[in-house]
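Below is one structure, written out as structure tokens; the observations come after it.
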Amino acid sequence: MSTKKILVVSAHPEPRSLNGALTSFAIEHLRAAGHEVRVSDLYAMKWKSTVDADDVPDHAGDGPLDVLAAHEHATLAGRLTSDVAAEQEKLRWSDAVVLQFPMWWFSFPAILKGWVDRVFTNAFAHGPAVPPPYTEGAALGGRRALLSVTIGGRASAFTDRGVHGALADLLFPIQHGVLWFTGMAPLEPFAVYGTVDLPADEYAAARREYARRLDGLFTDEPVPFRSLVGDYDRDMRLLPGAEAPGTTGLDLHRRP
Ligand SMILES: Cc1cc2nc3c(=O)[nH]c(=O)nc-3n(C[C@H](O)[C@H](O)[C@H](O)COP(=O)(O)O)c2cc1C
């Protein structure tokens, strides 16, 4: 396999946790396969997770803060803060991004959401200044993305009839709203369930499966999300009859 550049973003406060172990495992496994790996360990970096006026040094303190406009201006003028600019440089450098996190309240931890909020700025990841969203040509186009999520609950509770809803539906805002929106090619997520008290044999099996998924980072089929070009009308609604009969909910946005 040819050498690729992979950014691993990890969101857990404790290196001796399951997430810490999976992060280390991914880094070692990818490097052993000959890839270049860079890491954003958000807690270790003391990542600032909220967007505010300090992010846009040119903002006049007496005027209202329009975050979208201020992000666009700062991005185009090269006036973002150094921590945000460094993460954008890592994303530009990367061929693939791995996001490692525990499921917290059926979503990703606030620090990782704050990484997205602050780094995926207007004119960098989306917006009028960059190519259109939901297409392979969009801002971060060409990059593969893999969510690696640890989940306290059992797998059956995250299926279509499971009490929490299907995992694909819970992760849709990240997979589709963040990754696919910005042109990345998200793979099916890698999930470890029952993590509150994970037996050693299940941890060993999870590592084997994670290794298989990391090996497939550049060869596995991405989730077949639809392109905005061709599948939707001018009001961004799926064209009638585009879906296989009986398809409902968020599955509508996957090609049959
Ligand atoms: C604040 C918080 C929120 C959590 N929310 C969920 C949840 O919504 N669904 C779930 O199945 N588990 C939930 N859990 C359990 C975590 O997913 C579990 O502790 C984690 O996957 C274990 O990995 P770790 O040892 O690396 O922390 C939550 C845990 C915490 C601390």
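The values are calculated or read from the model by the stated rules, or taken from the named source; none is laboratory data. Source: prediction; values computed, not measured. Here the Cβ positions follow ideal geometry from the backbone for every residue, glycine too, while neighbour counts run over all protein chains shown. For the accessible areas, the whole protein counts, side chains as well, though only heavy atoms, and no ligand, DNA or RNA atoms are used. Shrake-Rupley method; radii C 1.70, N 1.55, O 1.52, S 1.80 Å.
Within the range 39-54, is there a residue that is assigned to a helix (DSSP H, G or I), away from the ligand (no atom under 16 Å from the Cβ) and more than 27 Å from VAL192 (Cα to Cα)?
Among the residues of the range 39-54, at least one is assigned to a helix (DSSP H, G or I), away from the ligand (no atom under 16 Å from the Cβ) and more than 27 Å from VAL192 (Cα to Cα), which makes the answer yes.
State all residues of the range 160-189 that are open to solvent by 10 Å² or more (accessible area, probe 1.4 Å) and within 13 Å of the ligand (Cβ to nearest atom); if no residue qualifies, say none.
GLY162, VAL163, HIS164, GLY165, LEU167, LEU170 - these are the residues of the range 160-189 that are open to solvent by 10 Å² or more (accessible area, probe 1.4 Å) and within 13 Å of the ligand (Cβ to nearest atom).
Condition first: away from the ligand (no atom under 11 Å from the Cβ) and over 28 Å from TYR232 (Cβ atoms). Can you find one or more residues in the range 117-130 that meet it?
Yes, the range 117-130 contains a residue that is away from the ligand (no atom under 11 Å from the Cβ) and over 28 Å from TYR232 (Cβ atoms).
Out of the residues in the range 129-158 that are over 19 Å from GLY177 (Cβ atoms) and open to solvent by less than 60 Å² (accessible area, probe 1.4 Å), which is modelled with the lowest pLDDT?
Once the filter is applied, the top-ranked residue is ALA129.
Is the range 88-98 home to any residue that is within 18 Å of HIS12 (Cα to Cα) and at pLDDT 95 or above?
Yes.
If you check every pair at least six apart or on different chains, which have Cβ atoms under 9 Å apart with a residue in the range 215-237 that is outside any helix (DSSP H, G or I) first and a residue that is among the aliphatic types (A, V, I, L, M) and open to solvent by 70 Å² or more (accessible area, probe 1.4 Å) second?
PHE218/MET1; THR219/MET1
Of all residues in the range 190-202, count the ones that are among the β-branched types (Val, Ile, Thr) and open to solvent by 40 Å² or more (accessible area, probe 1.4 Å).
Qualifying residue count for the region: 1.
Of the residues that sit in the range 29-70 and are within 14 Å of ASN122 (Cβ to Cβ) and open to solvent by less than 40 Å² (accessible area, probe 1.4 Å), which one is nearest to the chain's Cα centre (by Cα)?
ASP55
What about LEU146, is it closer than 23 Å to PRO109 by Cα and either within 16 Å of the ligand (Cβ to nearest atom) or of a type in the set (Val, Ile, Thr) (or both)?
no
For the condition farther than 20 Å from MET103 by Cα, of a type in the set (Lys, Arg) and surrounded by 15 or more Cβ atoms within 10 Å (Cβ to Cβ), what is the one hit in ARG234, ARG212, ARG254?
Just one listed residue meets the conditions, ARG254.
Residue-by-condition table, conditions (1) out of contact with any Leu (no Cβ under 7 Å at 6 or more places or on another chain); (2) over 20 Å from ALA139 (Cβ atoms); (3) in contact (Cβ under 8 Å) with a residue 24 or more places away in the chain:
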position	(1), (2), (3)
GLY34	yes, yes, yes
LYS46	yes, yes, no
ALA60	yes, yes, no
GLU72	yes, no, yes
SER82	yes, yes, no
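For the range 71-109, enumerate the residues that are open to solvent by 10 Å² or more (accessible area, probe 1.4 Å) and more than 18 Å from SER49 (Cβ to Cβ).
Those that are open to solvent by 10 Å² or more (accessible area, probe 1.4 Å) and more than 18 Å from SER49 (Cβ to Cβ): GLU72, HIS73, THR75, LEU76, ALA77, GLY78, ARG79, GLU89, ARG92, TRP93, ASP95, PHE106.
Within the range 195-233, can you find the residues that are at pLDDT 95 or above and either of a type in the set (Val, Ile, Thr) or at positive phi (or both)?
THR195, VAL196, THR219, VAL223
Tell me, which residue of the range 16-38 that is near the ligand (Cβ under 9 Å from one of its atoms) and of a type in the set (S, T, N, Q) is farthest from THR150 (Cα to Cα)?
Result: SER17.
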